[in-house]
Amino acid sequence: CIRDRSIRESGQQIPAVVRPHPDLGKGYRWQLVSGFRRATALSELKATHIAAYVRRDLSDDQEAFRASVLENMARKTYSDIDRAYVIKRHQDAGYQSFEVAGLMNLTKRQKNNLLSLLELPQEVQTAIDEEGTTFKATHALTLKKLKAKYPRLQYIEWVTRINNEGLSIGQIVRAVNEAFLRGSETKTLPSIFRADGTNLSAGDVRLRPVKFNAKDLSD
């Protein structure tokens, strides 16, 4: 799908940022510093060009990363999951996580909470990023704590209930505790259909992500 609907409807309004590629031996002239979603949207639209500012002062990888974070923070294009992956990429590159957390004006606790979101199943991470729904990062962190207390808790059923009923954090805690104390916790869906977004009578189907190893499949 096209990630940035405004580009499809109005064209590219904000240039991306590029720098001369640090390794010309790879055959590329430019390297994208920020504007990855814009580039993806244009690629999906089969565009052959992208408007971009050229930064020749970003030969240092750390400075290029810093510029990317600041540009996206200024445009408020980072979701909570985006910020978590940015911090993780920063760590994986060998830098201290507090450096990028400082750029994002995050406390140590906020940084750790964001990183803990990456421990959640992919379908929960997707639900956090979904626009127009009640479910947010704070709900996910609450469910994560409750999952440690009640291992049989099924994330997606509670995500669906939070979205359908608009539950607050306090209401989630009470509802989960009550469900498990009386032994009537929500049951697992009997198929790969997701309850939120599936309405078979209307012909609407939404599926859970399915993960498998292709090496385990027969011809």
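The values are calculated or read from the model by the stated rules, or taken from the named source; none is laboratory data. Here the structure is a predicted model, which is why all the values come from computation and not from measurement. Glycine gets a Cβ as well: all are built from the backbone with ideal geometry, and neighbour counts include every protein chain shown. Surface accessibility is based on the protein's heavy atoms, side chains included, excluding ligands, DNA and RNA. Shrake-Rupley method; radii C 1.70, N 1.55, O 1.52, S 1.80 Å.
Here are the numbers for this structure:
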item: Which of Pro20, Ala175, Gln91, positive extreme of dipole for the chain (C-beta unit charges); result: Ala175
item: Nearest-0.05 FRET efficiency for Lys88 and Arg37, computed from C-beta distance (R0 22 Å); result: 0.75
item: GNM top mover of Ser79, Ser116, Ser43 - the chain, alpha-carbon springs below 10 Å; result: Ser43
item: Carbon and sulfur %, accessible surface of the chain computed with the full protein complex present, 1.4 Å; result: 50
item: Dimensions (Å) - the chain, Cα atoms, principal axes, largest first; result: 64, 43, 42
item: Rounded accessible area per residue of the chain, 1.4 Å, Å²; result: 64
item: Solvent-accessible surface ranking, highest first, for Arg161, Arg8, Arg194, Arg152 at 1.4 angstrom; result: Arg152, Arg8, Arg161, Arg194
item: The chain: most fluctuating residue of Lys88, Lys149, Lys46 per GNM, C-alpha cutoff 10 Å; result: Lys46
item: Full-extension gain in nm, Val173 to Phe98, via 0.36 nm per residue minus C-alpha separation; result: 23.9 nm
item: Kyte-Doolittle mean at least 0.0 and Cα axial length at least 24 Å: DSSP H helices in the chain; result: none
